[in-house]
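Here, each number is a calculation from the coordinates, and none is a lab measurement. On a predicted model such as this, the values are computed, not experimentally measured, just so you know. Ideal geometry is used to build each Cβ from the backbone, glycine not excepted, and the neighbour counts take in all protein chains shown.
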Amino acid sequence: QSQLIVNPNHMLINHMQMITQFLDKYNELFKNFVNNKTIALVGPAESITGTGKGNLIDKFDIVVRLNKSLPLPKDLANDIGTKTTILYNSLNLTDFPGENKFSNNFLNKYDIKFLCSSYPLENEFFKNDILNYIKKNKFGVPFKTLSNQLYNSIEKSTRTRPYTGTCAIADLLNYNIKYIYITGLDFYTTRYYDSYRKINKEQLKKNRNNFYHKSDPQIKLLEHMSLYDNRIILDNYLDKLLY
């Protein structure tokens with residue numbers, strides 16, 4: 001009697017091929033979604049408090065936020081706005097356990113149109129976190145990952161692992177957007193606003209310079225990009241930091 005022999009490696013290849021096809025499709029949809037749009041990228045830095053730019057932020061076609069920005073604190077609406085269209089997230093489950101375990105219900109509750117991994121599937125450091133998210137949520141919310149080629153070029157030019165914000169900026173500039181206004185992102189020269197996460201001076205210093213991340217080369221990268229790409233608009237704090 002003949003037996004059907006199933007090769008688990010073959011099944012794994014087919015599974016990864018299917019995931020890659022989904023990601024390719026969503027990347028194309030993302031390309032169309034951001035095409036010719038005005039974008040505000042809003043980080044969780046303390047430097048955004050007191051700016052009174054909330055109404056301005058909400059008027060952009062698309063508002064991008066980072067990592068665990070949701071739910072937005074209502075008491076900061078005057079500074080950070082109330083709208084979120086796209087969320088870039090590291091999907092890292094180890095640094096702050098439980099904080100990046102997003103469900104489809106959670107993302108839909110805040111009307112997120114796209115969740116974007118700030119890192120690539122092809123990189124072994126991030127692969128398991130991305131696959132865990134996909135396994136759990138099964139593309140219930142449109143999802144894309146960073147291009148491996150783009151990530152490698154950022155890492156090579158900075159010689160450090162880029163922050164989520166750095167990856168998000170570089171990624172968005174790869175598309176035909178109208179312009180991007182960057183605020184609340186200051187490379188850990190100030191702390192987070194309190195309702196995002198409380199950190200002390202020592203933690204702030206460590207975030208600027210540690211085994212994985214170094215802020216100075218990323219500041220230089222954004223300075224370079226802003227000089228050569230007139231689609232970038234910096235808030236006052238970031239403009240002073242860079243120049």
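Provide the FRET efficiency to the nearest 0.05 for the E202-N14 pair, computing r from the beta carbons and using R0 = 45 Å.
Efficiency, rounded to the nearest 0.05: 0.40.
Tally the DSSP beta bridges in the chain and give the antiparallel ones as a percent, rounded to 5.
If I count the DSSP bridges inside the chain, around 10 percent turn out antiparallel.
What's the ranking of 23-36, 79-92 by average number of surrounding C-beta atoms within 10 Å, highest first?
Most protected by this proxy first, the peptides run 79-92, 23-36.
In debye, nearest 20, what is the charge dipole magnitude of region 192-232 about its Cα centre with +1 on Lys and Arg Cβ and -1 on Asp and Glu Cβ, if you could check?
Value, rounded to 20: 220 debye.
Of K109/K206; K25/K178; K53/K198; K144/K198, which ones are farther than 25 Å apart at the Cα?
K109/K206; K144/K198
If packing is taken as the average number of other Cβ atoms within 10 Å across a peptide's residues, how do 139-152, 214-227 rank, most packed first?
139-152, 214-227
Taking a ≥ b ≥ c as the square roots of the Cα gyration tensor eigenvalues, with a/c under 1.5 meaning rounded and otherwise prolate when a/b beats b/c, else oblate, which class fits region 147-243?
It comes out oblate by the Cα gyration axes.
Please name whichever of I134, T49, P120 sits farthest to the positive end of the charge dipole of the chain, dipole taken about the Cα centre and charges placed at Cβ: Lys and Arg +1, Asp and Glu -1.
Farthest along the dipole direction, towards plus: I134.
Between K31 and D239, what's the calculated FRET efficiency when r is the beta-carbon distance and R0 is 41 Å? Round to 0.05.
With a Förster radius of 41 Å, E is 0.90.
Taking only DSSP H segments of four or more residues, each worth -39500 (n - 2.57), what value at 222 nm results for the chain once the sum is divided by all its residues, to the nearest 500 deg cm²/dmol?
One gets -12500 deg cm²/dmol as the mean residue ellipticity at 222 nm.
By how many nm would the segment from D58 to N209 lengthen if fully extended, with 0.36 nm per residue of separation less the alpha-carbon distance?
Once the chain is fully extended between D58 and N209, it gains 51.1 nm.
Would you mind checking region 185-216 for residues with the amide N under 12 Å from a putative spin-label position 7 Å along Cα→C-beta of F125?
The answer is 210-214, whose backbone nitrogens lie closer than 12 Å to the label point.
Under the 0.36 nm per residue contour assumption, what length would be gained going from the current alpha-carbon distance of K74 and D229 to full extension?
Gain on stretching K74 to D229: 52.4 nm.
Expressed as a whole percent, how much of the Cα-Cα distance distribution for region 45-98 exceeds 13 Å?
Pairs farther apart than 13 Å: 63 percent.
Take F139 and E155, extend 7 Å from each Cα along the Cα→Cβ direction, and tell me the distance between the two endpoints in nm.
Modelled inter-label distance: 2.5 nm.
Work out the length of the dipole vector of the chain about its Cα centre, built from +1 on the beta-carbon of each Lys and Arg and -1 on the beta-carbon of each Asp and Glu, and round it to the nearest 20 debye.
In total the dipole reaches around 260 debye.
Taking Cα pairs under 8 Å and at least six residues apart, what relative contact order does region 157-237 come out at, in percent?
Relative contact order comes out at 45 percent.
Subtracting the Cα-Cα distance from 0.36 nm times the residue separation, let me have the gained length for T94 to K178 in nm, one decimal.
26.7 nm
According to the Cα gyration tensor, what semi-axes, each the square root of 5 times an eigenvalue, does the equivalent ellipsoid of the chain have, listed from largest to smallest in whole Å?
For the chain, the semi-axes come out at 32, 20, 19 Å.
Run the numbers on the chain and let me know its relative contact order in percent, using alpha-carbon pairs under 8 Å that are six or more apart.
The value is 22 percent.
Among F60, I86, L227, whose Cα projects farthest towards the positive end of the dipole of the chain, with charges put on the beta-carbon of Lys, Arg (+1) and Asp, Glu (-1)?
I86
Take every Cα pair under 8 Å in region 73-181 that's 6+ residues apart, average their separations, divide by the length, and report that relative contact order as a whole percent.
This gives 26 percent for region 73-181.
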